[in-house]
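The values are calculated or read from the model by the stated rules, or taken from the named source; none is laboratory data. This one's a predicted model, so the numbers in the text were calculated from it and none came from an experiment. Note that each Cβ is placed from the backbone with ideal geometry, even for glycine, and that neighbours are counted across all protein chains shown.
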Number of protein chains: 2
Amino acid sequence: MIDTDELLSIRAAELYYEENKTQDEIGAVLRLTRWKVGRLLAQAKASGFIRIEIVHPRARRLIVERRLREHTGLSDAVVVSAAGVSTDEELQSRAAQAAADYLTALRPVPSTLGISWGRTLHEVAQGLKPGWARGVNVVQINGGVSLNRRTGTAAATAVTIAQKALGSATLLPSPAILELVETKLAIESDRAVATVLDLGSAASAYLFSAGQADENSALVDSGYLTADQVAELVRKGAVGDIVGRYINADGHIVDLELDERTIGIRLEQLRRAPTAIAVIAGSTKHAVARAIVFSGLCTVLVTDEDTALAVLGEAP
Amino acid sequence: MIDTDELLSIRAAELYYEENKTQDEIGAVLRLTRWKVGRLLAQAKASGFIRIEIVHPRARRLIVERRLREHTGLSDAVVVSAAGVSTDEELQSRAAQAAADYLTALRPVPSTLGISWGRTLHEVAQGLKPGWARGVNVVQINGGVSLNRRTGTAAATAVTIAQKALGSATLLPSPAILELVETKLAIESDRAVATVLDLGSAASAYLFSAGQADENSALVDSGYLTADQVAELVRKGAVGDIVGRYINADGHIVDLELDERTIGIRLEQLRRAPTAIAVIAGSTKHAVARAIVFSGLCTVLVTDEDTALAVLGEAP
DNA sequence: GGAAAACTTGCTCACATGAGCACACGCATC
DNA sequence: GATGCGTGTGCTCATGTGAGCAAGTTTTCC
């Protein structure tokens, strides 16, 4: 059975929030003093009966952001609202836009910004306003010459971000994954590539996304891996990839041999970075997001509400 | 592209509603005067970006209630929240409970209350508190001797309501629908039945529900009609039944011959009643609810949010 | 049965907030 | 370049609201 005070607090809340009456007027209607009404309203709020939601594509969830900062090693977090959103694409767009906003407001402005590539990063680039910064050197931190269609997407992302920042782009002229370790070592020692990798290692900030470990991964899409290879990685515990490298739930490399053939910044370097912004959204990426956050691969997480709750280990 | 002020109002709303900051503090953060912040918040509210919802099984939607009173001929309306409810059963329970509350608060207390029977009415009876009134004569207004199982439900409902009101129940000792008009006329003229019908016609208030026109109808369930007969009625335009009589979208009797064999109060009597409370909830009953409201068959509607919006002709 | 504890109630006071107003700025027109 | 109009801004003032407090009431426990 429901408490009398509980029912009264609901009646009061209806009059207060729906009818915009003052607590005094409510008191007159319900035959209570205005202080009692105030207490009932406070009680209704405390019991969670009053739900206030900001419904807007650009709305953030500050409460969840704070919880993330407090309960994880993150130094900052941006959580976009998932209210009224049904598709993962929409969530990713919102997160990408939020990442663009975060980057724009980031102080100090990074002189060198290391970035990965992919659908999400492309959207971040689109979301940035021309002139968002003045003179940023954008460096690719993982191999990105696509093997089939989508050619140039990786490069275009870096160039767009750099142009809009009135700065320069430094591209990594290399595939993401090589077939032989020897080839990888050869490419890596090439002066043109080595210079970019060194520059990337010394970036003042990083911005990257992550991919889920399944056949829809960008690495499969780009032809670097087959769906079967990814399935095998999943069998070994892979939850997703970050800058081209597959990790398990603990944030460790899943397949050392594969990793030896992957070109790009090493995870240890990312872990040492003072500012590493991960943009990860969508229901398929909950596991990777969790792995990345708890293994210290990023200092800032830009994500959606549901993913954030998953990272915190709570039901949505 | 999104307006700068719009974005600012969202940021302000986040700080105000999620972080519980004062408008002054928000002003300090966003570098605005506190009046500007107040205006942005007002704007956010006006634009509908702020959604305040009362989540509680007993919560009502006063705004929708008012719209119902204004845009229909209803003298009063009770609309229960559908927040977080998935099943029609739950909606019906909530509406039934709300009807019980409404009846309890109804002034003047009806000396004679005419009621129909069915699942919903049974729940209303359950929801009433013992002693909700002092001395109400409860009269059945339509035939209700069940042909198979559920025997006694109709009678039990009337008796329960009467007992809890410290009053008396007057049962209508007759089936709902007869097979022959002659039988119906004979029963109707029987002194025991006629007296009850007269009493029912003179009731000071009515409380009834309505059934949808499909094979799950209570009349089919009780064996008065077959699923095929109901299908035929639907073909003729039936949207549902009220006190055992099937009506179309205009509130008119669908099948006059069938109606002649139905025992109970006539719809004209209901339309003349100063207080006729209809309790109708659930997604299957939108059409009947609409028909009943717009043909003046009730003066008070107790329903759920979605049905109310359907009655108002709006999307949910 | 009575004392102590826990809670509730009505209140004062200080702060937060919305309404209303005057002024300044941008814009078009003459 | 002056004039009038509409919009946006900062302010005063009145009202609404939450924190804290003392008295009253109920509950609990000996």
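Condition check for residue B:6 on (1) within 30 Å of residue A:46 (Cβ to Cβ); (2) within 11 Å of chain A (Cβ to nearest Cβ); (3) out of contact with any Lys or Arg (no Cβ under 6 Å at 6 or more places or on another chain); (4) not in a strand (DSSP E or B): one failure, at (1).
Scanning for something over 30 Å from residue B:92 (Cα atoms), within 11 Å of DNA strand C (Cβ to nearest atom) and of a type in the set (S, T, N, Q), does segment B:7-20 turn up at least one residue? Don't jump to the end; show me each part of the working.
Our first condition is that a residue be over 30 Å from residue B:92 (Cα atoms); within segment B:7-20, this holds for B:7-20.
Add one more test, that the residue is within 11 Å of DNA strand C (Cβ to nearest atom), and what stays is B:12, B:15-17, B:20.
Remaining after also requiring of a type in the set (S, T, N, Q): B:20.
Yes - at least one qualifying residue is present in segment B:7-20.
Applying the criterion of being within 15 Å of DNA strand D (Cβ to nearest atom) and outside any helix (DSSP H, G or I) to the residues of segment A:10-46, the residue that is nearest to the other protein chains (Cβ to nearest Cβ) is A:19.
Could you please find all residues in segment A:163-178 being touching a residue at least 60 places away in the same chain (Cβ under 8 Å) and touching a strand residue (DSSP E or B) at 6+ places or on another chain (Cβ under 7 Å)?
Going through segment A:163-178, the residues touching a residue at least 60 places away in the same chain (Cβ under 8 Å) turn out to be A:172, A:174-178.
A:172, A:176, A:177, listed by residue number.
The set of residues from segment A:157-173 being modelled with pLDDT under 90 and crowded, with 17+ Cβ neighbours inside 10 Å is empty. Scanning segment A:184-204 for residues being farther than 20 Å from residue A:136 by Cα and polar (S, T, N, Q) gives a total of 1.
For the structure I just gave you, tell me whether residue A:51 is away from chain B (no Cβ under 14 Å) and more than 20 Å from the chain's Cα centre (by Cα).
Details: away from chain B (no Cβ under 14 Å): no; more than 20 Å from the chain's Cα centre (by Cα): yes.
Answer is no for this residue.
Based on this model, can you work out whether residue B:58 counts as in contact with a strand residue (DSSP E or B) (Cβ under 9 Å, 6 or more places away or on another chain), in a loop (DSSP other than H, G, I, E, B) and within 14 Å of another protein chain (Cβ to nearest Cβ)? Quick ask: steps written out before the conclusion?
On the way: in contact with a strand residue (DSSP E or B) (Cβ under 9 Å, 6 or more places away or on another chain): yes; in a loop (DSSP other than H, G, I, E, B): yes; within 14 Å of another protein chain (Cβ to nearest Cβ): yes.
When the stated conditions are applied, residue B:58 passes them.
Close contacts from segment A:179-199, counting a first residue that is over 12 Å from residue A:263 (Cα atoms) and a second that is of a type in the set (A, V, I, L, M), with Cβ to Cβ under 6 Å and a gap of 6+ residues or different chains, come to A:199/A:139. Annotation note: Cβ proximity below 7 Å between a residue of segment B:6-25 that is among the hydroxyl-bearing types (Ser, Thr, Tyr) and a residue that is within 14 Å of DNA strand D (Cβ to nearest atom) and not in a helix (DSSP H, G or I) (sequence gap 6+ or interchain) occurs for B:17/A:52.
Residue count for segment B:62-111, restricted to those that are surrounded by 16 or more Cβ atoms within 10 Å (Cβ to Cβ) and in a loop (DSSP other than H, G, I, E, B): 8. Filtered by the rule that a residue be of a type in the set (Lys, Arg) and buried (at least 19 other Cβ atoms within 10 Å of the Cβ), segment B:249-299 gives B:261, B:285, B:290.
In segment A:21-70, of all residues being touching a helix residue (DSSP H, G or I) at 6+ places or on another chain (Cβ under 6 Å), among the charged types (D, E, K, R) and farther than 30 Å from residue A:299 by Cα, the one that is farthest from DNA strand C (Cβ to nearest atom) corresponds to A:21.
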